[in-house]
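The values are calculated or read from the model by the stated rules, or taken from the named source; none is laboratory data. Since the model is a prediction, treat every value here as computed from it, not as a measurement. So basically every Cβ, Gly included, is an ideal-geometry build from the backbone, and we count neighbours across all protein chains shown. Keep in mind that these areas ignore ligands, DNA and RNA; they rest on the heavy atoms of the full protein, side chains included. Shrake-Rupley method; radii C 1.70, N 1.55, O 1.52, S 1.80 Å.
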Amino acid sequence: VVEASSLSWGTRIKGFIACFAIGILCSLLGTLLLWVPRKGLHLFAVFYTFGNIASIGSTIFLMGPVKQLKRMFEPTRLIATIMVLLCFALTLCSAFWWHNKGLALIFCILQSLALTWYSLSFIPFARDAVKKCFAVCLA
């Protein structure tokens, strides 16, 4: 990764942290803007979704864009990636075309769950541990 880029490792880490922090701030700002009269739903959908996109995009600084895309669409995380992208699109659709606040909130919750499942795919055996934990809790 370091050989393929002109950015130093320190610059990559700073870019990752900055992009991830911007993502978190946008998501939090979107949540606060949800309660603004009339335009709150639109602002929420845009900021929350943009925040999550920025958070995922922050790893581009660590891996590079091509490797990031290849890893996103590997068979082990293909379904999670599709769910995340679908939730992004459905959140924006529910806000701008369907004007349904409840549906936008549901899709944002699904966004968070899909992003969590996607993120766990990068940690060895993390998904298996979560599955076992839920199996024990539900048994």
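Applying a threshold of 7 Å to beta carbon distances and a minimum spacing of six or more residues, or different chains, the list of pairs starting in the stretch 37-52 at a residue that is under 13 Å from residue 99 (Cβ atoms) and in contact (Cβ under 8 Å) with a residue 12 or more places away in the chain and ending at one that is outside any loop (DSSP other than H, G, I, E, B) and basic (Lys, Arg) reads 41/101. Test residue 55 against the criterion of being among the hydroxyl-bearing types (Ser, Thr, Tyr), over 21 Å from residue 32 (Cα atoms) and crowded, with 18+ Cβ neighbours inside 10 Å, and give yes or no. It is false that residue 55 is among the hydroxyl-bearing types (Ser, Thr, Tyr), over 21 Å from residue 32 (Cα atoms) and crowded, with 18+ Cβ neighbours inside 10 Å.
Does residue 25 count as in contact with a helix residue (DSSP H, G or I) (Cβ under 8 Å, 6 or more places away or on another chain), open to solvent by less than 80 Å² (accessible area, probe 1.4 Å) and under 26 Å from residue 13 (Cβ atoms)? For residue 25, the condition - in contact with a helix residue (DSSP H, G or I) (Cβ under 8 Å, 6 or more places away or on another chain), open to solvent by less than 80 Å² (accessible area, probe 1.4 Å) and under 26 Å from residue 13 (Cβ atoms) - is not met. In the stretch 84-101, of all residues being over 14 Å from residue 53 (Cβ atoms) and polar (S, T, N, Q), the one that is surrounded by the most Cβ atoms within 10 Å (Cβ to Cβ) corresponds to 94. Kindly evaluate residue 81 against the criterion of being closer than 25 Å to residue 123 by Cα and either open to solvent by 30 Å² or more (accessible area, probe 1.4 Å) or of a type in the set (Lys, Arg) (or both). No, not satisfied. The listed residues are 62, 69, and the only one of them that is farther than 22 Å from residue 108 by Cα, in contact (Cβ under 8 Å) with a residue 40 or more places away in the chain and out of contact with any strand residue (DSSP E or B) (no Cβ under 9 Å at 6 or more places or on another chain) turns out to be 62.
Rundown of residues vs (1) outside any helix (DSSP H, G or I); (2) under 21 Å from residue 117 (Cβ atoms), yes/no style:
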{"position": "6", "(1), (2)": "yes, no"}
{"position": "10", "(1), (2)": "no, no"}
{"position": "24", "(1), (2)": "no, yes"}
{"position": "49", "(1), (2)": "no, yes"}
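Restricting 135, 104, 129 to residues that are surrounded by 13 or more Cβ atoms within 10 Å (Cβ to Cβ) and either modelled with pLDDT of 90 or more or assigned to a helix (DSSP H, G or I) (or both) narrows the list to 104.
In the stretch 114-126, the residue that is least open to solvent (accessible area, probe 1.4 Å) out of those that are more than 17 Å from residue 23 (Cβ to Cβ) and not hydroxyl-bearing (Ser, Thr, Tyr) is 126. Kindly indicate whether any position in the stretch 77-85 is part of a loop (DSSP other than H, G, I, E, B) and at pLDDT 90 or above. Yes: one or more hits.
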